[in-house]
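For reference, the structure discussed in these notes is given below.
The values are calculated or read from the model by the stated rules, or taken from the named source; none is laboratory data. These numbers come from a predicted model, not from an experiment. Cβ sites come from the backbone with ideal geometry, for glycine too, and all protein chains shown count toward neighbours. Note: areas computed on protein heavy atoms with side chains; ligands, DNA, RNA excluded. Shrake-Rupley method; radii C 1.70, N 1.55, O 1.52, S 1.80 Å.
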Number of protein chains: 2
Amino acid sequence: MPDKNLNGLLVHTLKDVYFAENAILKALPKMAKAAKEPALQKAFQTHLQQTEGHVVRLETVFKLLKLKPEGVPCEAIKGILKEGDEVGEEFDGGSALDAGLIAAAQAVEHYEIARYGALKAWATELGLGQAANLFGETLTEEEATDELLTGLSKKSNKMAVAA
Amino acid sequence: MPDKNLNGLLVHTLKDVYFAENAILKALPKMAKAAKEPALQKAFQTHLQQTEGHVVRLETVFKLLKLKPEGVPCEAIKGILKEGDEVGEEFDGGSALDAGLIAAAQAVEHYEIARYGALKAWATELGLGQAANLFGETLTEEEATDELLTGLSKKSNKMAVAA
């Protein structure tokens, strides 16, 4: 069953992540608007631009595999983003809003780190060096964004201790 | 608004993770049963035992905060586990089943790493040293499980290249 081998799994996950990145593209402007600290707003805006690049990389991989770019609904990212929305609403007007938004964004980053880590390993195993490099480039950016958010969280956490 | 400060965010996220850990407790036996490689079956069983310990740690934190242990529906883990179910069904009988199960489990681990990382930082900021230590212990186990799964994936990926 060739569609149930590693190549099939890579294609399935590629479509899953393509859906996820497009969902994140829609969510980030809302998160940037909700954030209070200018540095956090800027981080979300910068990551929006990076995410546009991630979508282009995925489309390049589709092309390398001679496939039409298409997404399959990714329940994971839908749930993670929904949870972020809820935190944004629940903590709106409170001192912990930014801390909550950062944690929600880090859950998104970690989902992507898991997915791109697997995709990179699978592409390498399948001898798809160019695809592996593209996945690796995005992986590096997701990891850097996660670290950047950890840095920003230090101030947001301190500001959120007060009521 | 004290319920919208860092303490409120910590309590909200504690309930979220309590729900998530209990959902993972239910999912792991199914994943262990679905896995083909004995080493992967064993890894899921071991993580089931660890997860029981994580639930106990969370209950200890509830107690420290003088709260009754209770979960709030965690849309993120519901989505992540649903996606794992789908991969298990879709790749059932195929060579990439274990590779897909490992990737699904790593998405779970990364969600938990994001959550426990935030909880540990928030507890530290709030001067809740004992809670911070408990979150940190679980965080270390989740990170170790993620690394263990990466190790197991090397064999599963190789076996999945063939149709």
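When shorter helices are ignored and each DSSP H run of at least 4 residues is given -39500 (n - 2.57), the per-residue value for chain A at 222 nm works out to -29000 deg cm²/dmol.
Taking every residue in A:125-133, how many Cβ atoms of other protein chains lie within 10 Å of its Cβ, on average? Can you show the working numbers first?
Values: counts 8, 3, 1, 0, 0, 0, 0, 0, 0.
Average neighbour count from other chains, rounded to a whole number: 1.
Are any of the pairs B:Lys68/B:Lys120; A:Lys30/A:Lys82; A:Lys15/A:Lys63; A:Lys78/A:Lys158 more than 22 Å apart by Cα-Cα distance, and if so, which?
Numbers: B:Lys68/B:Lys120 20 Å; A:Lys30/A:Lys82 12 Å; A:Lys15/A:Lys63 13 Å; A:Lys78/A:Lys158 30 Å.
Over 22 Å apart, Cα to Cα: A:Lys78/A:Lys158.
Placing unit charges on C-beta atoms (Lys and Arg positive, Asp and Glu negative, everything else neutral), compute the dipole magnitude of the range B:28-82 about its Cα centre in debye, rounded to 20.
Details: 10 positive and 5 negative charges, 14 e Å.
I would put it at about 60 debye.
Other residues lying with their Cβ under 10 Å from the Cβ of A:Gly71 contribute a combined charge of -2, Lys and Arg counting +1, Asp and Glu -1.
Which trypsin sites (Lys or Arg not before Pro) in the range B:63-163 pass both tests, a DSSP loop state and at most 15 other beta-carbon atoms within 10 Å? Spell out each step's value before the answer.
Working: sites: B:Lys63, B:Lys66, B:Lys78, B:Lys82, B:Arg115, B:Lys120, B:Lys154, B:Lys155, B:Lys158; in loops: B:Lys66.
Listed in order of number, the matching sites are B:Lys66.
Using only atoms on other chains, find how many Cβ atoms lie within 10 Å of each Cβ of peptide B:79-85 and report the average.
On the way: counts 12, 9, 3, 4, 10, 2, 1.
Mean partner shielding for this stretch: 6.
Peptide B:146-158 is shielded by partner chain Cβ atoms: per residue, an average of 2 of them sit within 10 Å of its Cβ.
Rounded, prolate or oblate: pick one for the protein assembly as shown, where a ≥ b ≥ c are the square roots of the eigenvalues of its C-alpha gyration tensor, a/c under 1.5 means rounded, and failing that, prolate if a/b is larger than b/c, else oblate.
oblate
Tell me whether chain A comes out rounded, prolate or oblate; compute the Cα gyration tensor, take square roots of the eigenvalues as a ≥ b ≥ c, and use a/c under 1.5 as the rounded threshold. Prolate.
In this view, the solvent-accessible surface of B:Glu59, computed with a 1.4 Å probe and all protein chains in place, comes to about 70 Å².
Taking K and R as +1 and D and E as -1, what net charge do the other residues with C-beta under 10 Å from the C-beta of B:Asp85 add up to? Each step should come with its number before you reach the end.
On the way: positive: B:Lys30, B:Lys82; negative: A:Glu75, B:Glu83, B:Glu86, B:Glu89, B:Glu90.
Combined, the nearby Lys, Arg, Asp and Glu give -3.
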